[in-house]
1. So which residues in the stretch 25-48 are touching a helix residue (DSSP H, G or I) at 6+ places or on another chain (Cβ under 7 Å), part of a helix (DSSP H, G or I) and more than 10 Å from the ligand (Cβ to nearest atom), if there are any at all?
2. Which is surrounded by 22 or more Cβ atoms within 10 Å (Cβ to Cβ), within 11 Å of the ligand (Cβ to nearest atom) and within 29 Å of the chain's Cα centre (by Cα), of Lys51, Lys22?
3. Determine, yes or no, whether Lys203 is modelled with pLDDT of 95 or more and charged (D, E, K, R).
4. Scan the stretch 54-65 for residues that are of a type outside the set (A, V, I, L, M, F, W, C) and more than 9 Å from the ligand (Cβ to nearest atom) and jot them down.
5. What are the pairs with Cβ atoms under 8 angstrom where one residue, in the stretch 90-114, is in contact (Cβ under 8 Å) with a residue 24 or more places away in the chain and the other, located anywhere, is aromatic (Phe, Trp, Tyr) and assigned to a helix (DSSP H, G or I)? Sequence gap at least six, or different chains.
6. When the stretch 165-196 is examined, which residues are found to be surrounded by fewer than 17 Cβ atoms within 10 Å (Cβ to Cβ) and hydrophobic (A, V, I, L, M, F, W, C)?
7. With crowded, with 20+ Cβ neighbours inside 10 Å and within 14 Å of the ligand (Cβ to nearest atom) as the only criterion, which of Ala79, Ala104, Ala68 stands out?
8. Looking at Val110 and the list (1) part of a loop (DSSP other than H, G, I, E, B); (2) touching a Ser or Thr at 6+ places or on another chain (Cβ under 7 Å); (3) crowded, with 17+ Cβ neighbours inside 10 Å, which single condition is not satisfied?
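The values are calculated or read from the model by the stated rules, or taken from the named source; none is laboratory data. Model, not experiment: these values are computed from the prediction. With ideal geometry, Cβ positions are generated from the backbone for all residues, glycine too; neighbour counts draw on all protein chains shown.
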Amino acid sequence: MKFSDLGLSDELSCVVADLGYKSPTPIQEKSIPIVLMGRDILGSAQTGTGKTASFTLPMIDILASGRAKARLPRSLILAPTRELAAQVAESFESFSSYHKLSMALLIGGVSFSDQNAALSKGVDVLIATPGRLLDHFERGKVLLNDVKILVIDEADRMLDMGFIPDVERISGLLPRMRQTLFFSATLSDDIQKLGSKFVMNPKIVEVAPPATTADTVAQHLVWTDLKSKRKVLRDILRHESVKNAVVFCNRKRDISILVKSLTNHGFSASALHGDMTQSARLKALQRFKDGEVPLMIASDVAARGLDIAGLSHVFNFDVPNHAEDYVHRIGRTGRAGKSGRAFTIAASKDDHKYVGFIETLIGKPIPLVKIIDGRVIDADASANVKTTVDESAKGAAKGSKLVGRGRIPAIEKSADDKLTELDNTKSITETSKPAAKIKNHNRDDELPSPPDCSGNTLAETGHVPAFLSR
Ligand code: AMP
């Protein structure tokens, strides 16, 4: 199928050709004709599938006729985070290069006055995060009774972040007769129920089964212990051809620890998380996009939906607690047909459970690997390692065929000689102390270890991953 078959104007066919898009993606093929017909949509599409163009392109054609009045936007796109909203605005700008449409971006962390000035001129497309939009509304700077098209993007994220009451309030300020496009990464029963509050007689558009991971991303799971996580990460970073990578942490405080640690070890890394000021976030993102800083250590909130061209790697420095976050995180790489690699570093007892949740959600095990001298070795295929059914994961993934895949490798008793061989590799498994004695160091409930900025190697700290001491 070609873009010209979807009913878009010639101008937009030229725009997409200029951007190098050869053919529409499945979500674009399905959504664009429906949007052009004026129908509502309940759509499930992950980021990276071309979802943004699936609603912005037809919106541009719909809005091409007509003019905006001061403070009365003609369409509204709601996104959960500043970054996502900014990204939609960026896409809108590049798609509307042949049109004279005006746009305003209302996000927190930047001055109200510029946003005000844009609103007072009249905007065809208003792109906003819910909180900032309501701030402007309450100050009387924007009226929503002329909005003809509402897009709710990343609705599942809105739900997670507690934004739904704001979205409901905004929706109540809009005319009832409007077109609503509701997109979510997944269309679970809860999300469909939520979506039905906003849409009327919608077309359901689903392009991928819920929470599938792209085939273009090679996934790897590495088990280690809490103290060795940073070393494991550095080992992989040194030996993989990492062009640029996002490293996800679960907690903001761990982000700064990891940035410091990596910097001390000679890597160039910067942080991106929700507590940074908007200008610091945009600056960090720009430097990362420009390739000045190849490693971005990020939280889920900051990095969800980020579109970084040609990202080679994603690292889960922490196993995400919500399985869907795994899909979003690794979806930053392997985009637009390119291949990418994702590594998940698991270490704590709880990680057994969380890996189990993820494997249940994605419907397959994450291939287990060992890192030996920085090389990635397929652990499932290696002779000295077998997988065990882990009881906690079993409980977690109840009812799943993948029960127990949240697993750690166990060393077979007969493989003592292989163990010695592993020790000799001076890899992350390196130790000179008896495993039994060291086991105490590997309590799963221990607090995060301080940054290993001392320059000590793991051989010097002398501990051993939990699975080797079993
Ligand atoms: P999105 O899912 O909207 O975040 O888009 C992901 C990436 O795919 C962006 O870099 C888009 O520029 C790109 N993209 C969107 N549609 C197409 C297309 N039809 N062909 C090639 N790339 C596309």
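1. The answer is Ser31, Ile32, Pro33, Val35, Leu36.
2. Working: Lys22 fails: surrounded by 22 or more Cβ atoms within 10 Å (Cβ to Cβ).
After ruling out the rest, the residue left standing is Lys51.
3. Working: modelled with pLDDT of 95 or more: yes; charged (D, E, K, R): yes.
When the stated conditions are applied, Lys203 passes them.
4. Going residue by residue through the stretch 54-65, those that are of a type outside the set (A, V, I, L, M, F, W, C) are 54, 56, 58, 61, 65.
Pro58, Asp61, Ser65, listed by residue number.
5. Met103/Phe92
6. Leu173, Met177 - these are the residues of the stretch 165-196 that are surrounded by fewer than 17 Cβ atoms within 10 Å (Cβ to Cβ) and hydrophobic (A, V, I, L, M, F, W, C).
7. Working: Ala104 fails: within 14 Å of the ligand (Cβ to nearest atom); Ala68 fails: within 14 Å of the ligand (Cβ to nearest atom).
Result: Ala79 is the single residue among Ala79, Ala104, Ala68 that is crowded, with 20+ Cβ neighbours inside 10 Å and within 14 Å of the ligand (Cβ to nearest atom).
8. (2)
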